[in-house]
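Here is the structure we will look at, set down as structure tokens.
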Amino acid sequence: MIDIDAILGDKKAEYIPVANCQTGTSQARQTNTKVDKDSKLVASIKKAGGLLHPIIVKSQSDGNYEIIIGQRRAGAYNILKEENPKFEKIKAYVIDHDISEDEKKIISFIENFGRDDMDKIDYVNVIEYFYQKYGMNKTMTAKVLGIRPSDVTEYLTHARLSEKVKACIENKEFTIDVAMKSFKGLGDDETSVDEDLLIET
């Protein structure tokens, strides 16, 4: 499991241009990332006059920063800076040494796991990635991500759903939760569950 304190070391938070912060492909949260001006996040940051918890970024050679943790906070700052220049710079921990794409993915996953506002499909994608990477070993996958093996099993259920069922989820005909419960109720085996029956259920 990744030790974020070991990665950050004794670094102090600093203020960096929010306009130079970009979300990378290793970010666990890839869906529902947009922040609008009426969101509670924007209102709370505005009321507090800044961040209670700095974002975490990786410095890039071109002067930009890859967001590892805090893309929605950065999104809120991009809205707020239009009305107040104090929000043009955001408080951040800047990692300037090399870290792997896997480390970025794990850090982002751990930060977001269990949050209601993160789409479950993002959990699924990260868990499936490490499940394949570690030879379909659920125990190892759970250990790396700092979660329970039962959590791995639950989210991998979605990875075994058919494309037809996933299309229904994307079209919001039903949720991932409903699909996973139906899948388990019908046999919990991708070779025996009829996709049309699952959709009807």
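The values are calculated or read from the model by the stated rules, or taken from the named source; none is laboratory data. Being a predicted model, the structure only gives us computed values, none of them experimental. Don't worry about glycine lacking a Cβ; one is built from the backbone with ideal geometry, like all the others, and counts go over all protein chains shown. All accessible areas refer to the heavy atoms of the entire protein, side chains included, with ligands and DNA or RNA removed. Shrake-Rupley method; radii C 1.70, N 1.55, O 1.52, S 1.80 Å.
Assorted remarks:
- The chain - mean residue ellipticity at 222 nm from DSSP helices (-39,500 (n - 2.57) per run, n ≥ 4, rounded to 500): -13000 deg cm²/dmol
- Among Ser61, Ser26, Ser108: highest mean-square fluctuation, GNM of the chain, C-alpha pairs under 10 Å: Ser61
- Listed residues Val57, Val178 arranged by accessible area, highest first, probe 1.4 Å: Val178, Val57
- Charge dipole (debye, nearest 20) of the chain; +1 at Cβ of Lys and Arg, -1 at Cβ of Asp and Glu: 880
- Calculated on alpha-carbon atoms, Rg and Dmax of the chain in Å: 19.2, 59
- Cross-link pairs exceeding 28 Å between alpha carbons, from the set Lys11/Lys40; Lys104/Lys184; Lys143/Lys184; Lys37/Lys86: Lys11/Lys40; Lys104/Lys184.
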